[in-house]
Amino acid sequence: MSVETPRLEIHIDRIAQNAAAVISQCGSSGIQVAAVTKVMQAHPALLRALEGSGCVMLADSRIDNLKRVAEAGMGLPTMLLRAPTPCNAPEAVRWADYSLISSRETAEALSGAAGWAGLRHKVVVMVDVGDLREGVWPDRAVDVVAGIAHLPHLEVAGLGTNLACFGGVVPTREKMEMLTGIRDECRSVTGHPLELVSGGNSANLPLLASGDMPDGINHLRIGEAIVLGRNVLDRSPWPGTRQDTVGLVAGVIELQRKPSVPVGETGQDAFGNTTHFTDRGLRLRAICDIGRQDVAPEAIEPIDPGIEVLGASSDHLIIDVTDARSPVAVGSEVRFLPSYGGLLSASTSPHIRKQAVRRH
Ligand SMILES: *Cc1c(COP(=O)(O)O)cnc(C)c1O
């Protein structure tokens with residue numbers, strides 16, 4: 001019997017294979033991996049896939065997701081990727097072993113919260129080497145590290161940076177050497193070992209593969225390359241991984257031959273956009289049971305190369321199935337592969353069931 005639509009089919013063995021490939025590539029350069037779970041809200045199926053993968057930590061940007069990691073009993077340290085607000089420090093120290101931070105206020109709040117909880121919390125101070133998302137500006141790094149190094153319930157485990165997220169800045173040997181240089185400086189000023197040097201995310205893998213990663217980098221935080229098997233600099237398949245790890249399955253609720261251009265005077269669509277249509281004559285069109293509320297239509301790709309996504313409103317996805325390779329009918333299922341953004345939103349939608357698939 002088929003399962004209800006819409007649903008995400010999470011292929012545990014395929015993600016496990018990707019994790020093994022990426023983590024061993026990192027391991028052979030002396031780099032440990034924190035597997036990043038946020039794109040799937042730390043779903044238990046993803047956690048199963050990461051079990052025994054060789055990752056040394058599980059990392060997520062949301063405290064709620066780290067709670068799920070704790071509930072799964074993975075027995076690995078956890079890392080909070082997005083700095084908590086000072087108010088959320090008690091939750092952060094409860095659910096995360098490490099936090100990535102960039103403010104003294106946050107460090108003080110975390111130390112205070114850790115003291116109350118009878119814990120010692122580890123922080124990684126983020127340095128912005130150019131991408132303009134989180135991190136202290138390089139000329140302030142020594143001050144910040146020296147300013148928090150004495151906090152009683154905190155251990156400054158090391159330094160980190162993040163690239164290719166906001167500014168699209170590509171990780172290079174120079175950027176990585178900047179980070180290790182700042183670490184050396186902070187080490188000599190504070191006397192703290194600052195052992196952990198977390199060089200970035202999936203976008204660092206091409207640099208690693210090229211053999212140009214400096215020795216001082218010993219940690220990366222990897223999400224997309226494991227979950228979707230992509231080189232995030234150009235979205236090409238990453239060597240040794242597969243891309244069909246998570247399928248989005250929608251059900252067909254209507255199938256009709258209709259003109260390709262709306263009939264009548266046109267104004268704005270449901271989202272305030274003025275749309276333009278090319279006349280391709282009569283086309284066979286299907287409506288699927290997902291919409292913008294679940295996923296942006298640009299963020300999914302039909303597996304059948306003959307199917308084209310035309311657009312979506314909140315709850316209706318319109319596809320052209322005139323050239324579909326396999327027959328489409330009312331009640332049949334259409335499969336898509338989501339992009340990172342598509343998987344992020346589909347995972348978050350309460351209307352989409354999540355189904356773990358063990359083997360295929
Ligand atoms: C999301 C995130 C990552 C993982 O990014 P991927 O591109 O999915 O590998 C790493 N570090 C931080 C700080 C993040 O927010």
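Would you confirm whether any residue within the range 271-280 is touching a residue at least 60 places away in the same chain (Cβ under 8 Å), acidic (D, E) and over 30 Å from Y98 (Cβ atoms)?
no
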| request: Output the residue which, of all residues in the range 193-203 that are buried (at least 17 other Cβ atoms within 10 Å of the Cβ) and of a type outside the set (A, V, I, L, M, F, W, C), is farthest from the ligand (Cβ to nearest atom). | output: G199
| Answer residue from the range 124-138, given it is within 18 Å of the chain's Cα centre (by Cα) and over 20 Å from T78 (Cα atoms) and is farthest from the ligand (Cβ to nearest atom) among those | D131
| Those residues of the range 211-225 which are surrounded by fewer than 16 Cβ atoms within 10 Å (Cβ to Cβ) and of a type in the set (D, E), in sequence order | D212, D215
| query | What are the residue pairs meeting all of these: first residue in the range 162-190, first residue over 23 Å from D143 (Cβ atoms) and touching a residue at least 40 places away in the same chain (Cβ under 8 Å), second residue away from the ligand (no atom under 16 Å from the Cβ) and of a type outside the set (A, V, I, L, M, F, W, C), Cβ atoms under 7 Å, and 6 or more apart or on different chains? | reply | R173/D212; R173/P214
| Got a sec? Which of L248, L208, L228 is surrounded by 21 or more Cβ atoms within 10 Å (Cβ to Cβ), more than 16 Å from the chain's Cα centre (by Cα), within 16 Å of the ligand (Cβ to nearest atom) and under 27 Å from L344 (Cβ atoms)? | L208
| request: Scan (1) closer than 30 Å to R94 by Cα; (2) surrounded by fewer than 20 Cβ atoms within 10 Å (Cβ to Cβ); (3) in contact with an Asp or Glu (Cβ under 6 Å, 6 or more places away or on another chain) for the single condition A146 breaks and write down its number. | output: (3)
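Out of D289, D304, D279, D294, I need the residue that is charged (D, E, K, R) and more than 23 Å from T245 (Cβ to Cβ). Which one? Spell out the reasoning first.
Working: D289 fails: more than 23 Å from T245 (Cβ to Cβ); D304 fails: more than 23 Å from T245 (Cβ to Cβ); D294 fails: more than 23 Å from T245 (Cβ to Cβ).
Within the list D289, D304, D279, D294, the selection yields D279.
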| query | So G281 clears everything in (1) surrounded by fewer than 12 Cβ atoms within 10 Å (Cβ to Cβ); (2) at pLDDT below 95 except one condition, right? Which one? | reply | (2)
| task | Identify the residue in the range 16-45 that is within 13 Å of the ligand (Cβ to nearest atom) and part of a helix (DSSP H, G or I) and, among all such residues, is surrounded by the fewest Cβ atoms within 10 Å (Cβ to Cβ). | result | K38
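The values are calculated or read from the model by the stated rules, or taken from the named source; none is laboratory data. Nothing here was measured: the structure is a model prediction, and the numbers come from that model. In this analysis, Cβ positions are derived from the backbone assuming ideal geometry, glycine residues included, and neighbour counts consider all displayed protein chains.
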